[in-house]
Each structure stands twice: as structure tokens, then as C-alpha cells.
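Enquirer: The structure that follows is given in the form of C-alpha cells.
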Amino acid sequence: MTFTGQEKSGMFRNRLQKVFRHLSKQARRQGISCYRVYDHDLPEFPLCIELYGDKLYVAEYKRRHGLSEEEHDVWMEDSLQIAAEVLGVNREDVFLKLRQRKPGRLGQYQKKEGGLQEFVVQENGLQFIVNLSDYLDTGLFFDHRLTRQKAREMATGKKVLNLFAYTGSFSVYTAAGGAATVTTVDLSNTYLQWARRNMELNGFMDPGRFQYAQADVIAWLKEAECRAYDLVVMDPPTFSNSKRMEGILDVQRDHAALIRECLRLLTPGGVLIFSTNYRKFILDQAALPPCEIKDITRATTPFDFEGRFARYCFLIKNPELP
């Protein structure tokens, strides 16, 4: 059956209304104002839509749509208008990104160019700087909302290491959980400074407790002191070939070596929270030293990601001393 453009738009509106009605109730019950509403639910509308309070972030997944540039612009504007209306957001507060854009073409929907477009959102009583216009990702990954809370609950009195830290949300949560120290490591100076600002925004400024390292995590791990941490958080990229790294990172190929290094740094009984968003990931338990492994993927999947693949997540515990 072939549908007209108007019929497809109606289907999109109906789908968005349905999921928003369901998810908004759960968000209100949990006191959450930032969450994912829609993620490629309909093949004709390959969009990811996230709500940030009174602002909307829309990412278009690259596809072969068969439309001219003008036709695509009309389709996109119609889609954004529907999203704004259904979710109750002003059209000027809708930000669009292409997940795999062609060089040199961001499109007419690239909003407010020239200067950072930052604002602060709250999650579980903590504050985070997000940016919906200047980077491909916004600064806060919703799929780890429950994982962050779990790390917070585990962090009291612990020495914490946050690897591939991005903008430091796990650092903020563990500091809020009463961590004795928090060390934040990332290769990007932009993200590391973002992490520092997130920490300072929440009042965590003591240089004796909160330290930052701009470094290639793989190289940093090899030089780090053994048995120095009680809790490690590691959420590596699926693939990275940054010029600032010694080699190429492939999470499926390299995860066992990374986990072994983390276990070396953990105290007896210490815990690693390891996560990856590689869809075909298989944990190579045979390549790991004796340790306790618990799959917490389901337990840490937030309401707005139920039924949608987001990532795998494991608790990996060092053996206690005999």
C-alpha cells in the first residue's frame, strides 16, 4: 500500500502523540524533564527526538530518501513542526542534527550558528551543561541515567576512576555519592574541560579530591598505579582512530585487554562498570582473569529506552582477598 505525504505525516503525528503520552507520564512520576521520546519508530521518519525541558533535539539518521534537496527540506520542516506541536515546544527551540552529515552541508536547520548554545538541565538533583547546537552529541547520554545512579550509590568513600569520561556525568554522580576521590580521564580537552565545568557547577572543586587527565586512556592505563581505585567506570567508544592515540581502538577486539588493565588497578573486591553501545558485542570472558561478572543491562535500562537497543552494561568485580 502506498501512502501520500499527508497520510505519512498523519501517521508520524499519531505515533508521536502515542509515545509521548505514555513516556511523559513516567517522566513526571520520576521527576525527569530530559528524556528520549522517539527513535526511528517509523521507517519513513528516521529521526531521534529528545526532550530537554522546553527544548527539543532532533537527529536525522542518514538515508537514501530519494528526495530532491527542496523536497527533503519541505519534509523535514513538516516533521519538525509536527514534533514541536505534539511535544509543546516552540519551533525556534527545536535543534536539528544529521547523524552522518556530508562535509560542508549542515542544512538550513542548523540553528544559531556562531557561539556556544549552552544551558543547564537537572537530573536526579544534579546539574549538567548541555549543548544542542554545536556538537553532534549533546553532552548527556540518557541511556545511562540509571547506570549513573547505580554508580552514585556505590561510590561512598570510594576512590573512583572515570575512563573515556566524555563530559563527566559519572564523575558528577560519584562525587555526589560521597566518593573519596574522583579521577576523570578523556583524550579530548574540550570534553575534559566540559567535565570540569559540570563538576564545578555542582560544587565539586576540591583539587585534592577531584583530578583530571587529558590522555589516551589505553596509554594512561598502562602507566597507572596498581590497586589504586575501588570503583572504575569505563564506557569506551565502539571505534576510534584519533591521531592523538597510539593506535586504533576497536571495542570488540580490545575490550578484554582494557578490562584486564582496569582489574589490575582495582583494589580487592573493587568493581568495574563496563559498558558499550556496540550492537554485536560479545564479552570475551575466557580472556579475563578470575573475576565476578554480572550483566546489568536490563537493570540499568531507563523507561525511555525499554524495547530499544541502547548498550550493554556489566558489573565486573575483582576477587576479595582470601
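Readers should treat all values here as calculations from the given coordinates under stated rules, not as data from a laboratory. On a predicted model such as this, the values are computed, not experimentally measured, just so you know. Methodologically, a virtual Cβ is constructed for each residue, glycine included, from the backbone with ideal geometry; neighbour enumeration extends over all protein chains shown.
Enquirer: For region 191-322, what is the per residue volume of the convex hull drawn over the alpha-carbon atoms, in cubic angstrom?
Expert: That works out to 147 Å³ per residue.
Enquirer: Given +1 on the Cβ of Lys and Arg, -1 on the Cβ of Asp and Glu, and no further charges, what dipole in debye does the chain carry about its Cα centre, rounded to the nearest 20?
Expert: The calculation lands at about 560 debye.
Enquirer: If R₀ is 22 angstrom, what is the calculated FRET efficiency for the pair Ser24 and Val120, using the beta carbon separation as r and rounding to 0.05?
Expert: The formula returns an efficiency of 0.55 here.
Enquirer: For a distance above 16 Å, tell me the whole-number percent of Cα pairs in region 194-265 that qualify.
Expert: For region 194-265, the fraction of Cα-Cα distances above 16 Å is 59 percent.
Enquirer: Taking the beta-carbon count within 10 Å as an exposure proxy, list Asp186, Asp284 from fewest neighbours to most.
Expert: Exposure proxy ranking, most exposed first: Asp284, Asp186.
Enquirer: Over region 5-111, what is the relative contact order in whole percent, taking alpha-carbon pairs under 8 Å and six or more residues apart?
Expert: Reported as a whole number, the value is 23 percent.
Enquirer: Then there's this: Starting from the Kirkwood Rh over alpha-carbon pairs, what translational D in µm² s⁻¹ does region 5-111 have by Stokes-Einstein at 4 °C and 1.567 mPa s?
Expert: For these conditions, the coefficient is 91 µm²/s.
Enquirer: Can you give the angle from 0 to 90° between the axis of helix 189-201 and the longest principal axis of the chain, with both taken from C-alpha atoms, to the nearest 10?
Expert: 80 degrees
Enquirer: Debye calculation, C-alpha points only, no solvent: report log10 I(q)/I(0) for the chain at q = 0.11, 0.13, 0.16 Å⁻¹, in the same order as the q values.
Expert: -0.75, -1.01, -1.40
Enquirer: Taking the 0 to 90 degree range and rounding to the nearest ten, how far is the long axis of helix 5-30 tilted relative to the main principal axis of the chain, both from C-alpha atoms?
Expert: Around 40 degrees separate the two axes.
Enquirer: So which of Lys55/Lys280; Lys18/Lys280; Lys62/Lys150; Lys62/Lys280; Lys222/Lys317; Lys158/Lys222 end up more than 26 Å apart, counting from Cα to Cα?
Expert: The pairs that break the limit, which is 26 Å between Cα atoms, are Lys55/Lys280; Lys18/Lys280; Lys62/Lys150.
Enquirer: If you don't mind, there's one more thing I want to ask. Simple spin-label model, 7 Å along Cα-to-Cβ: Arg308 to Leu67 in nm?
Expert: Taking the simple label geometry, Arg308 and Leu67 are separated by 2.0 nm.
Enquirer: In terms of the Cα gyration tensor, with a ≥ b ≥ c the square roots of its eigenvalues, is region 112-211 rounded because a/c is under 1.5, prolate because a/b exceeds b/c, or oblate?
Expert: Prolate, because a/c is 1.5 or more and a/b exceeds b/c.
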